[in-house]
Amino acid sequence: MKNFGFGFMRLPFDGDKVDIDLVKRMVDVFMENGFTYFDTAYKYCRGLSEPALREALVDRYPRESYVLTSKLSNEFMHSRQEQEEVFADQLKRLGCGYFDYYLLHNQGAVNYKVSLELDSFAFVRQKKAEGKIRHIGISFHDKAELLDEILSAHPEIEVVQLQINYLDWENESIQSRKCYETARRHGKPVIVMEPIKGGTLVNLPREAEELFRSYAPDASSASWALRFAAGHEGIMMVLSGMNSMEQMEDNIRTMKDFRPMNGEELRLCAKAADKIQANLTIPCTGCGYCMVQCPKHIPIPEYFSLFPHGYMTTQMVYYYNLTQTHPKAGDCISCHQCEKHCPQHIEITRHLREISEKFDAFKGWR
Ligand code: SF4
Ligand code: SF4
């Protein structure tokens, strides 16, 4: 199996509907180039992703010609019965007979608790025994320490899906490298999600772009991001949520004859990450001086490191996981103590207010 997967998370839309003709053409180009791995989830594209995958792939190609992964998105579920019903609905919606890989979705401080409450690990083991799942996995968005705990408690997990890209590699909130190393220490193959960080690593600041162009004038920004993500030992698959034929063709050029990065290229990625970091919306360096006298103990640098280019919804899950064990951004009482200590002169209270307005009000979360 080639190491590049088509993520059905950011499909092209025509008004309210998935642009299914374009998705079919993209699937055809993907398959013609020898790629076979597809990733979806029950709730992707407001529930339209799985039906689109059926129409564009399952109904048009023999079952053995592709590898299909979906996920148990149990975060909003309240009973084991609901888990059964959603799983049955997924198989029906996709019409695929079985899942090659089935992941417990978005495990972290919040959803791991839900998975234990609903006995989701036993549930997927049972479905595997029934032949409806070939391989069990998790997708994970939290700290390496928790990943270690989950993998130690559940040796039935065969594969781990992680957010890996050169900007998050050393990020202390996302912990790409530490999570990757933890998964590998447990001997698990890794599937990469967000290698381009929701498009952030395509639209680069000029200094970062020049760095890459001076080394390889014709290589796209996306190709640097994909090659970084795919090049580490034990990476089974790199997913890209493509929504245009141009993205598909560019990514195929990179991944068809995949070349791991050499030392110089890896160093350039680290340098580019520094340049991107320097252009961030909130230029927080993570020094932590602001927290010393915060009466509410708000983890200010941790929250700020999640939002390098504005308050992207892709980071929402990390924020919610952190709020399970820390005060929320909205708990700030605007005493401004923190701002007196910030060497970067960041308007901390304003940014916390913006994060709170965007994410604390979300009612769907358990
Ligand atoms: S303004 Fe908010 S974040 Fe800053 S010290 Fe006061 S409570 Fe803490
Ligand atoms: S003091 Fe300023 S730069 Fe340092 S962690 Fe706090 S917000 Fe970031």
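So, counting K/R as plus one and D/E as minus one, what does the shell of residues with Cβ under 15 Å around Met245 add up to? Could the numbers behind the result be given before it?
Values: positive: Arg10, Lys24, Arg25, Arg253; negative: Asp14, Asp19, Asp21, Asp28, Glu32, Glu246, Glu249, Asp250.
Residues close to Met245 contribute a combined charge of -4.
At R0 = 35 Å, how high is the FRET efficiency between Asp59 and Arg259 if r is their beta carbon distance? Nearest 0.05 is fine. Don't skip to the answer; put the middle values down first.
Values: r = 35 Å, r/R0 = 1.01.
For R0 = 35 Å, the calculated efficiency reads 0.50.
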Antiparallel content of DSSP bridges confined to the chain, in %, to 5: 5 percent
Net dipole in debye of the chain [+1 Lys, Arg Cβ; -1 Asp, Glu Cβ; about Cα centre; nearest 20]: 300 debye
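Residue separation times 0.36 nm, minus the C-alpha to C-alpha distance between Ala88 and Arg134: what's the value? Write down the numbers at each step before the final one.
Values: separation 46, 0.36 × 46 = 16.56 nm, distance 1.58 nm.
Using 0.36 nm per residue and subtracting the Cα-Cα distance, I get 15.0 nm.
In Å², and per residue, what accessible area does region 212-366 have when probed at 1.4 Å with the other protein chains present?
Numbers: 7560 Å² over 155 residues.
The answer is 49 Å² per residue.
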Estimated [θ] at 222 nm from DSSP helical runs (n ≥ 4, -39500 (n - 2.57)) normalised by residues in the chain, nearest 500: -11500 deg cm²/dmol
FRET efficiency for Tyr215 and Ser244, using Cβ-Cβ distance with R0 set to 35 Å, rounded to 0.05: 0.85
Accessible area of the chain belonging to carbon and sulfur atoms, whole % at 1.4 Å probe: 49 percent
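Calculate the FRET efficiency for Lys2 and His326 from the Cβ-Cβ distance with a Förster distance of 35 Å, rounded to the nearest 0.05.
Working: r = 41 Å, r/R0 = 1.16.
According to the calculation, E is roughly 0.30.
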Inter-probe distance in nm under a simple model that places probes 7 Å from Cα toward Cβ, at His345 and Glu117: 4.7 nm
Solvent-accessible area per residue for region 1-121 (1.4 angstrom probe, square angstrom): 40 Å²
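The values are calculated or read from the model by the stated rules, or taken from the named source; none is laboratory data. Bear in mind that the values here come from a model prediction, so they are computed numbers and not experimental data. Quick reminder, even Gly has a Cβ in these numbers, built from the backbone with ideal geometry, and neighbours come from all protein chains shown. Ligands, DNA and RNA are excluded from the accessible area calculation, which covers all protein heavy atoms including side chains. Shrake-Rupley method; radii C 1.70, N 1.55, O 1.52, S 1.80 Å.
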